[in-house]
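Report on the structure given below.
The values are calculated or read from the model by the stated rules, or taken from the named source; none is laboratory data. Predicted model, so just to flag it, every value in this text is computed and none were measured. A quick note on method: Cβ atoms are made from the backbone with ideal geometry, for glycine too, and the neighbour counts reach across all protein chains shown. SASA here: full protein model, heavy atoms, side chains in, ligands and nucleic acids out. Shrake-Rupley method; radii C 1.70, N 1.55, O 1.52, S 1.80 Å.
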Amino acid sequence: MKIAVYPGSFDPITYGHLDVVLRATALFDRVILGVLVNPHKSMPAFPTAERVEVIHDAIGEFFPADIAARIDVEPFDGLTVDFCRQREATFIVRGLRAISDFESELQMAHTNRKLAPQVDTVFFMTALEHSYLSSSLVKEIAAFGGDVSQMVPAAVARRLSARGRGL
Ligand code: PNS
């Protein structure tokens, strides 16, 4: 069985992430979204439990039941490769939106391979219609009362609007 981990902050998940998940299910038997508990970039806007819950909601909303049944969502702390080992995953999935993503993704892929040669990274080019998207921009737009309904699933948009204005 081919198992892949798709690690990320998912703060919050966007249509760009969901598109990558869907395409990964065409390649792998099981796809585990690993939701990083403490992203180093900044304090997450949404607590881990809420990020996990919203991903579950979005998967239930968007994917047919047979595909959703092959997707897991789990929080993780520590190294991605350790999480892969624990889950017996031999692939890491990541999305590439633009050339600007490439440098850091290349570095991560090489580092992860050095740490765990049995785990390889597979990249999906983010769908063109979502390639402008980022979780940070979504949060900023929502914080200023903008419409994010074309960028994130309804479950996310609801939570963002419940947070109200303000960064
Ligand atoms: O969605 P993001 O924030 O771009 O995801 C980054 C993530 C979670 C993939 C990366 O920060 C990560 O793997 N963190 C876990 C710690 C780790 O393994 N660090 C070494 C990576 S080379």
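A few points about this structure:
- Label positions at GLU88 and GLU61, each projected 7 Å from the Cα along the C-beta direction, are separated by 3.3 nm.
- Helix 48-62 axis, angle to the chain major axis (alpha carbon atoms, nearest 10°): 90
- With the Kirkwood sum run over all distinct C-alpha pairs, region 68-117 has a hydrodynamic radius of 12.4 Å.
- Solvent-accessible area per residue in the chain equals 53 Å², computed with a 1.4 angstrom probe and all protein chains kept.
- Net +/- balance of residues flanking VAL148 in space, Cβ distance below 12 Å, scoring K and R +1, D and E -1: +2
- Relative packing of 53-61, 142-150, which averages over residues the other C-beta atoms within 10 Å, highest first: 53-61, 142-150
- Alpha-carbon Rg with Dmax, taken over the chain, Å: 15.3, 45
- Think of each Lys and Arg Cβ as +1 and each Asp and Glu Cβ as -1; about the Cα centre, that makes the dipole of the chain roughly 200 debye.
- Within the accessible area of the chain (1.4 Å probe), percent carbon and sulfur: 57
- Principal semi-axes in Å for region 93-165 [√(5λ), Cα gyration tensor, largest first]: 31, 13, 11
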